[in-house]
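Asks: Mind having a look at this structure? Questions to follow.
Just so it is clear, none of the values below were taken in a lab; they were calculated from the coordinates. If you're wondering where the values come from, they're calculated on a predicted model, not measured in any experiment. Backbone-built Cβ (ideal geometry, glycine too); neighbour counts: all protein chains shown.
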Amino acid sequence: MFTGIIKATGTVGQIVPRGGDLRLAIRSDGLRWDEFELGESISVNGVCLTAVEFEQNGFLTDVSVETLNVTALKGVAIGDRVNLEPSLAIGERLGGHLVSGHVDCVGTIASRASDARSVRLDVEIPAKFGRYVARKGSVCIDGVSLTVNEVSDKGFSVNIIPHTADVTIIGEYQVGTTVNIEVDLLARYLERLITAGDDTGITKDFLRAHGYA
């Protein structure tokens, strides 16, 4: 599990094709790599990946064909900057929201505009995922926990404060940038409870009465 609070940024130092999938070398001086162990989970742009080897200035990880097909890592190139977050340790502050690192879909930055000292981004996502995004709810973009400002038929909008723009790669987004989207875990489980057809008593009316719909 992750929190959506980015601990460092890095760069893609090497891409090695391996039997149809890829091995990536991620370089970053922002984390103490000698404190990590092989097999640890590290979020790279919101994608939970396993560290298979550590180096002084980063780590190596394998990216499967499935991950390439369903995330924006498919278009990664040497020199690209990425957001990094190690997995959550028991006792750490949960400053964002619970994030699994399992990307739901790929979104596209549809517009970018200044909004006082912040930047407003409109993000388009596939229509079938719109039901999981709610105004003032949480969403994860390239591993960053953000609050949804507004929702629309095409997607949603978020505001990026100067700090977030400075310490993540979001400040570099332009119209057309593709990003990894993970919806709030709560939305997934609520849908499952509603559609499961069991006798828990959780219905749309129940959720609406308690402020969840």
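Asks: What chymotrypsin sites (Phe, Trp or Tyr not before Pro) in the stretch 22-86 are in a loop by DSSP, with at most 15 other Cβ atoms within 10 Å of the Cβ?
Replies: Numbers: sites: Trp33, Phe36, Phe54, Phe59; in loops: Phe36.
Listed in order of number, the matching sites are Phe36.
Asks: Okay, next question. Students often check this: by mean Cβ neighbours within 10 Å, which of 162-169, 66-73 ranks highest, and how do the rest follow? Walk me through the intermediate numbers first.
Replies: Values: 162-169: 15.6, 66-73: 17.5.
By packing density, highest mean first, the sequence is 66-73, 162-169.
Asks: Can you give the helix-only mean residue ellipticity at 222 nm for the chain, where every DSSP H stretch with n ≥ 4 adds -39500 (n - 2.57) and the sum goes over all residues, rounded to the nearest 500 deg cm²/dmol?
Replies: Numbers: 4 runs with 29 residues, N = 213.
My calculation for the chain gives -3500 deg cm²/dmol from helical runs alone.
Asks: Given the stretch 105-185, what percent of its DSSP beta bridges are antiparallel, to the nearest 5?
Replies: On the way: 26 of 26 bridges.
Antiparallel: roughly 100 percent of the beta bridges in the stretch 105-185.
Asks: Let's see if you can work this out: charge +1 on each Lys and Arg Cβ, -1 on each Asp and Glu Cβ, no other charges. What is the dipole magnitude of the stretch 8-86 about its Cα centre, in debye to the nearest 20?
Replies: Working: 6 positive and 12 negative charges, 72 e Å.
The calculation lands at about 340 debye.
Asks: Report the FRET efficiency, 1/(1 + (r/R0)^6), for Leu68 and Ala89, where r is their Cβ-Cβ distance and R0 is 35 Å, rounded to 0.05.
Replies: Numbers: r = 29 Å, r/R0 = 0.82.
Efficiency for this residue pair is about 0.75.
Asks: What is the calculated FRET efficiency for Glu35 to Arg117, with r their C-beta to C-beta distance and R₀ = 41 Å, to the nearest 0.05?
Replies: Working: r = 35 Å, r/R0 = 0.86.
Working from the Cβ atoms, E equals 0.70.
Asks: Projecting each Cα onto the charge dipole of the stretch 1-133 (Lys/Arg +1, Asp/Glu -1 at the beta carbon, about the Cα centre), which of Gly75, Ala110, Gly96 comes out farthest on the positive side?
Replies: The Cα lying farthest towards the positive end belongs to Ala110.
Asks: Now for a separate question. Can you give me the relative contact order of the chain as a percent, contacts being Cα pairs under 8 Å and 6 or more apart?
Replies: On the way: 469 pairs, mean separation 46.9, N = 213.
Over the chain, the number comes to 22 percent.
Asks: For Arg192 and Lys128 in one chain, what is 0.36 nm times their gap in residues minus the Cα-Cα distance, to one decimal in nm?
Replies: Between Arg192 and Lys128, full extension yields an extra 21.5 nm.
Asks: Could I ask something else about it? If each of Glu53 and Ala8 carries a label point 7 Å out from its Cα toward its Cβ, how far apart are those two points in nm?
Replies: Modelled inter-label distance: 1.9 nm.
Asks: Let's see if you can work this out: charge +1 on each Lys and Arg Cβ, -1 on each Asp and Glu Cβ, no other charges. What is the dipole magnitude of the stretch 71-213 about its Cα centre, in debye to the nearest 20?
Replies: Details: 15 positive and 18 negative charges, 46 e Å.
So the magnitude is around 220 debye.
Asks: What is the sum of charges around Trp33, taking Lys and Arg as +1, Asp and Glu as -1, for the other residues whose C-beta is under 13 Å from the C-beta of Trp33?
Replies: Values: positive: Lys7, Arg27, Arg32; negative: Asp29, Asp34, Glu35, Glu37, Glu40, Glu53, Glu55.
Net charge around Trp33: -4.
Asks: Right, something else. For Arg81 and Lys136, compute 0.36 nm times the residue count separating them, minus their Cα-Cα distance, and round to one decimal in nm. It would help to have the intermediate numbers written out before the result.
Replies: Details: separation 55, 0.36 × 55 = 19.80 nm, distance 2.83 nm.
So the extension gain works out to 17.0 nm.
Asks: Something else now. Which angle from 0 to 90°, rounded to the nearest 10, does the C-alpha axis of helix 185-195 make with the longest principal axis of the chain?
Replies: Approximately 40 degrees, to the nearest ten.
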